[in-house]
Structures are given as C-alpha cells and as structure tokens.
Amino acid sequence: MRPFEYVSADDPAAAVALVSADPRAEYLAGGTTELDLVLKDGVLEPGRLVDITRMPLREITRADDTLQIGALVTMNELAADPTVSERLPLVREALLASASPQLRNMATIGGNLLQRTRCRYFRDVSVPACNKRTPGSGCAAVRGPARMHAILGAGEHCIALHASDLCVPLVALDTLVDIQGVDGSRSVPLTRFYVLPGQRPDIENVLRHGDLITRIRIPLLPVGTRSGYVKVRDRASYEFALTSAAAALSIADGTIVRARLALGGVGTVPWRAREAERLLRGAPATGRTFQAAAQAALGDPFTVAGTAFKVELAERTIVRALQTVSGVPS
Amino acid sequence: MTRIDTSVDVMLRVNGSARRLRLDTRVTLLDALRDELDLTGTKKGCDQGACGACTVLLDGKRVLSCLTLTAQCDGRDVTTIEGLAPDGRLHPVQEAFIRHDGFQCGYCTTGQIMSAVALLQEGRAGSDEEIREFMSGNLCRCGAYPNIVAAIRDVAGRGTE
C-alpha cells in the first residue's frame, strides 16, 4: 500500500479541479469500494484521495414526476425516502437487499454506480492475467474457476460482473446521471453510461478523468404501476446476487400495457432486457408470456463451466419477478 | 519530485471526549481506535468489510470502522463499545447478551452489540425475521445467532415468538 495525500473538497468545482489536475488523484466518497481496493487489496494506487463527503450533494428532491438524488445520499437514506417507497418500490427493494445495514450507511448513490467488480482475479494482484487491471494481460477468470461472473456482455477478454443491485432498477427506469467535469456539466442516461468490455475491459464507463457524478434523476413510475426486485443468492442475506431481476408492469384487462425489465448478477454492465420488454408489451399477462420474455432476455449468453447454471437460473428469476409483480401465478 | 504530505491532523469526539491525533493518511478508524487510543473493544475480524466485528457508531449511525478512513472522521462523533458503559454500568443490550448467552468465543460480540444498539434505534426489531435481516452484517462463526436474536428481542420488549 503506497502512501497517499488526503484532501477534502468543499464543493464540486473544487473537487473537479483537484482531481483533473492530477492523473494519480481519485475521488473518495463512502469508501466501501475505494478503500477496499486501495488499503486492503492494493489494486488501486492513488497518489491523492480527494474526499467529497463534505460537499452539499445530500438532498433528495422531487420535481414533477422526477426524483432528484444527490450523489452523496447514502443507500439507507434513499431506501427510507417516502417517494421511493410509494412510487419506486423496486428501487427500495434493491437497496434493502444490498450489502449490510452498516455498509448502506456508508455507501453513496454516486459511488454505487461506480462500484468495481467483485471478480476475485481482478482483486488479487498476485494473479497476472486480468485485462481490467492490466490491459492486454489476458483473463484468468475465463479459464479458471468462475461462479460470480457475467454471462451477458461478456467475452473471452473479460467476464467480470457488475455486482450492483441498485443499478438494476435504475437502468430499468431510464435514470439520468448528471456529471460535472472540467469542461462543464452534462447528463447521460444510465443505459448509455456503462461500456461493454469488448477488447478494453479497463474502460468501464463514459467518465473522463476528473468527471464527478453530482446527481441522478429517476423518472417516477406512473401511478398504478406494479414493480419489484427479486434477488437470488447463495445465502439469505448480506451476499451478492447470483441472479436478480427488476420488473415494472402496467396491466389493463389482463393485457400488459407497459413493461420494464432489467437483470442483475448476469451482466458485465447492469442489463436492460429490451427484447423481453418488447415481447411483454401488448401480450396477455400469463405464465407463457413471462417464460417467452425470460428466454428472450437471456439472448445469446457467453458462459464458462462455472457460470453455465446462470442461464436457467436467470430465466426462472425473471419469471418469478414477473409473477410476483403481476400477481399472475404460473 | 515534490514530497507529498502523507500525514493528517484529526479531531475525533470518541465516547464524548475530544481526541486529537496526527496520523498517516492511510490509518483506518479501526486502527486509530485500537492502536492510537487503546480502545481495543472494537475488534478486527476480516478487516475488509465482510464480517461486522469492527462496527462502531459514527454520528449515531452504525458503520464499519475497517473501511472508514480516520481522516474522514474529523470533527465527528464516534461511539465504541467502551462508550456504552462509561461508568461501569452495562448497557441494556450488554445485559441482555449475558442473560441470553449471546456469545461463545466472544470475538464478534462487541460488533454484534454495537449493531444491535443501532438496530433498536432504527426500529428494526419488529419480528425475529426482521432482527435476523438487519443483523445480517454481523457474522458469528460460533453460531450464537439464536441467542443473539433472543437478546435483542428481549430488549425490544417482545416475548418469545
């Protein structure tokens, strides 16, 4: 673990200036990913940490039918928000199924979007082959034992999973990410924020060095929409997802009018299942429809021996989520 | 090359007392409590955010001290297990853990108790199922879970379910 300088920034402009000016500077918020990778695993070696937790980005406000959430709002604070409970139950369920109460008091919403993969090969610096950590070095996970890895958006260069629960409903809901950078501010839909690994697994999103997430904006679901989050894991709580699904349905006279679906535990990025949504819209809300949507959602998976089980498990997770949300039994 | 400053001055309010420290920037709150302030009641288990043994209250909320940088706690309130019984009288949760035999080897116990104190303040002791879910960030390798749940249920004022 190399020594680093610690600086606290008072406002976003100061923070952006501090990090932009120094290629070895990194932001520090809740610390649950950053400090783990810096202090414990030695995967990241910043020369300077710029603490942003004293900046005023802690507000949750509602403007018409959008919920605006400051990047430094904690996971527990967002889970306790009355609008989230009333209009975005899938977000609340995903938050409460995440990590532990202690970690949810620390981890921020902006940080959750940027959490790094749990791939053990990435986090173990004694493993030489990791294209995400050392571009061009290969992928030990593709050939070694793998389980908590991705099957969608994956390939021979990288099967590292994006392990966030929260980002699953957020991509389903067309959340916007507000970013402040050296050249000004911009907004990016979360569905276009992440970059598939392809040949360069080290590039994970559209942020440039020094860019700071200041806020996310979630369009509220129309009143009457039913939504939920189903998470399947190796133990009952305090564990990452093997598979998960966030679903939101509007059903009128037995026909699905609107549908949103996204998957967790399976993608190199939080996975929006657009093909499945197309199948669901206009179809009768039946078990047969849900099964067809689930198969379409998995598309063309890239599996290794350790992750092959996830295809069927993910399909069943989707069917369960759609059944639970719709109230239609199998 | 410019030499960078890798030390930091921090003022913590620990169990009600102001403590000033000059530390390497890398020191976690867990190590500051144990090694600088001799408050060894807070335990180092996994030291990586996976077990909950290092749970303390920061500004009244439960957090993991192993993944908290001391520098980030400047001017903030820290409560450790030592702060629950400042005058030697045990906290009701401590008494309940003894009454219900909520531990075996004891290593995870201080983290369990700090977490349980926070859980009760959060109002998450409505049922045994809720207690288990909201204590899930604290692992006990001896498996004292049933008695830990019983101790918390007792303090919450509910009888046997």
Fully extended contour minus Cα-Cα distance, from residue A:203 to residue A:281, at 0.36 nm per residue: 24.7 nm
Over all residues in A:301-312, what is the mean tally of Cβ atoms on other chains that come within 10 Å of each residue's Cβ? 0
Whole-number value, in Å³ per residue, for the convex hull of the alpha carbons of region B:92-155 is 67 Å³
A correct Karplus calculation of ³J(HN,Hα) over region A:27-40, with 6.51 cos²θ - 1.76 cosθ + 1.60, θ = phi - 60°, whole Hz and x for Gly and Pro, returns 6, 10, 10, x, x, 5, 9, 4, 5, 4, 6, 7, 7, 9
Span-like helices, chain B: DSSP H, alpha-carbon axial extent 15 Å or more, mean Kyte-Doolittle 0.5 or greater, which ones? B:109-122, B:145-155
Using modelled backbone amide H atoms (1.01 Å from N, in-plane), which distant-in-sequence or interchain residues come within less than 5 Å of residue A:225's amide H? none
Around residue A:146, which amide H atoms from residues at least 5 apart in sequence, or from another chain, sit under 5 Å from its own amide H, with H modelled in the peptide plane? A:306
Difference of contour (0.36 nm per residue) and Cα-Cα distance, residue B:132 to residue B:101: 9.5 nm
What list of whole percents do you get for P(r) of the protein assembly as shown, with Cα-Cα distances grouped in 10 Å bins up to the one holding the largest distance? 4, 19, 28, 27, 17, 5, 1, 0
What is the sum of charges around residue A:148, taking Lys and Arg as +1, Asp and Glu as -1, for the other residues whose C-beta is under 12 Å from the C-beta of residue A:148? +4
Summarise the partner chain shielding of A:102-111 as one whole number: the mean count of Cβ atoms from other chains within 10 Å of each residue's Cβ. 5
Which of the residue pairs A:310/B:61; A:310/B:44; A:132/A:310 have a Cα-Cα distance greater than 27 Å in the structure shown? A:310/B:61; A:310/B:44
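Which chymotrypsin sites (Phe, Trp or Tyr not before Pro) does region B:53-116 hold that lie in a coil by DSSP with at most 14 other beta carbons within 10 Å? Mind dumping the intermediate values first?
Numbers: sites: B:97, B:103, B:107; in loops: B:103, B:107.
The qualifying sites: there are none.
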What residue among B:123, B:102, B:52 shows peak mean-square fluctuation when chain B is described by a Gaussian network model with Cα springs under 10 Å? B:123
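What is the gain in length, in nm to one decimal, between residue A:192 and residue A:14 on full extension, counting 0.36 nm per residue of separation less the C-alpha to C-alpha distance? Present the calculation step by step, with values, prior to reporting the outcome.
Working: separation 178, 0.36 × 178 = 64.08 nm, distance 2.70 nm.
61.4 nm is the gain from fully extending residue A:192 to residue A:14.
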Where labels lie 7 Å past Cα in the beta-carbon direction, separation of residue B:4 and residue A:134 in nm: 2.2 nm
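Scan region A:211-261 for trypsin sites (Lys or Arg not before Pro) in coil per DSSP, keeping those whose Cβ has at most 13 other Cβ atoms within 10 Å, and list them by number. Write out the running numbers ahead of the final one.
Working: sites: A:215, A:217, A:226, A:231, A:233, A:235, A:258, A:260; in loops: A:233, A:235.
Hits after loop and neighbour filter: A:235.
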Cut-off under 5 Å, modelled amide H: who pairs with residue A:6 long-range: A:49
Based on the mean of other beta carbon atoms within 10 Å per residue, what is the order of B:22-29, A:246-253, most packed first? A:246-253, B:22-29
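Quick note: the coordinates plus some simple rules give every number you see, no bench work behind them. The model shown is predicted, which means the values in this text are computed figures rather than measured ones. Counting neighbours? That spans all protein chains shown, and the Cβs are built from the backbone with ideal geometry, glycine included.
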